[in-house]
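This report concerns only the one structure given below.
The values are calculated or read from the model by the stated rules, or taken from the named source; none is laboratory data. Just so it is clear, the structure is predicted and the values come from calculations on it, not from any experiment. When we count neighbours, we look across all protein chains shown, and the Cβ atoms used for this are built from the backbone with ideal geometry, even at glycine. Keep in mind that these areas ignore ligands, DNA and RNA; they rest on the heavy atoms of the full protein, side chains included. Shrake-Rupley method; radii C 1.70, N 1.55, O 1.52, S 1.80 Å.
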Amino acid sequence: FPIDSFSHFDLGFRVLNGEHPFKDYWLVSGPIVDYLQGFIFLIFDVSWQAYLLHASILNAILSVVTYKLFTRFELEKSYSFFYSICFSILAYPSSATPFVDHHSTFFSLIAIYLLIYAMKDGKRIYWFFIPVFLLMAFLSKQVPSSYIFISISIIIFYHFLFNNKNKNFEIFLVLLISSSICLILLLVFLNINNISFQSFLNQYIKFPQEIGSRRYEELKY
């Protein structure tokens with residue numbers, strides 16, 4: 001699939017040369033993938049190997065985090081290592097090159113891992129980074145990140161029902177602060193790079209909804 005495989009190579013190169021999505025080119029998903037690819041090109045120069053390295057880095061991070069999750073639940077290290085290796089083979093190698101669906105899924109998965117850690121250990125740092133990775137997932141692709149966000153919100157609400165009120169307030173405050181910081185940084189970034197919020201809204205939110213609604217209307221069971 002050369003069109004899909006080369007997509008973020010080209011867009012990452014455009015970002016490297018000072019262009020920005022929503023302003024200099026039309027984009028309906030994946031701005032965070034483009035910026036990450038541009039950053040990797042900046043460090044390792046523009047090459048196919050650097051392009052594949054992008055996917056490999058995320059694959060490696062996620063595999064290590066998965067290993068840590070297994071060991072946290074006291075699964076034997078040998079089993080944890082084996083399952084993590086299996087996970088790494090099935091994760092990014094399925095597309096090989098950076099892809100919005102994979103980035104969105106894997107950032108969402110890291111948010112789920114953080115939620116598990118947060119509910120298990122109660123550390124504020126885990127709660128703080130949940131919105132961060134959910135936003136990164138959403139800026140990779142709107143789905144499945146939106147569905148994961150809804151699911152995590154329901155789980156957190158359920159968790160609040162069975163937790164003490166003082167602890168709930170602390171968690172809510174941490175989530176609110178983290179979410180506010182993420183949104184403010186996004187708006188500041190758009191403003192610094194002269195990216196119209198209306199363009200972002202039209203291209204990233206409204207246009208994909210129109211595509212989805214049209215597909216739904218034409219669906220024949």
| Take the residues of region 45-57 that are touching a residue at least 24 places away in the same chain (Cβ under 8 Å) and hydrophobic (A, V, I, L, M, F, W, C): which is most open to solvent (accessible area, probe 1.4 Å)? | Trp48
| When only residues in region 121-134 that are among the aliphatic types (A, V, I, L, M) and surrounded by fewer than 22 Cβ atoms within 10 Å (Cβ to Cβ) count, which is farthest from the chain's Cα centre (by Cα)? | Ile125
| note | The residue that is least open to solvent (accessible area, probe 1.4 Å), considering only those in region 153-174 that are more than 22 Å from Leu186 (Cβ to Cβ) and touching a residue at least 12 places away in the same chain (Cβ under 8 Å), is Ile171
| said: From the list Ala137, Ala118, exactly one residue is under 9 Å from the mean Cα position of the chain (by Cα) and open to solvent by less than 30 Å² (accessible area, probe 1.4 Å). Which is it? | reply: Ala137
| note | Over region 140-152, the set of residues surrounded by fewer than 22 Cβ atoms within 10 Å (Cβ to Cβ) and not hydrophobic (A, V, I, L, M, F, W, C) is Gln142, Pro144, Ser146, Tyr147, Ser151
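This table checks each residue for (1) closer than 21 Å to Phe138 by Cα; (2) surrounded by 19 or more Cβ atoms within 10 Å (Cβ to Cβ).
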position: Tyr83; (1), (2): no, no
position: Tyr92; (1), (2): yes, yes
position: Phe106; (1), (2): yes, yes
position: Ile112; (1), (2): yes, no
| Top-ranked residue in region 10-40 [being without any contact (Cβ under 8 Å) to a residue 40 or more places away in the chain and not in a helix (DSSP H, G or I); ranked as least open to solvent (accessible area, probe 1.4 Å)] | Tyr25
| query | On the given criteria, is Val100 out of contact with any helix residue (DSSP H, G or I) (no Cβ under 7 Å at 6 or more places or on another chain) and among the hydrophobic types (A, V, I, L, M, F, W, C)? | reply | no
| message | If I ask for residues that are assigned to a helix (DSSP H, G or I), within 17 Å of Tyr35 (Cβ to Cβ) and open to solvent by 90 Å² or more (accessible area, probe 1.4 Å), which ones from region 189-210 would you list? | response | Asn191, Ile192
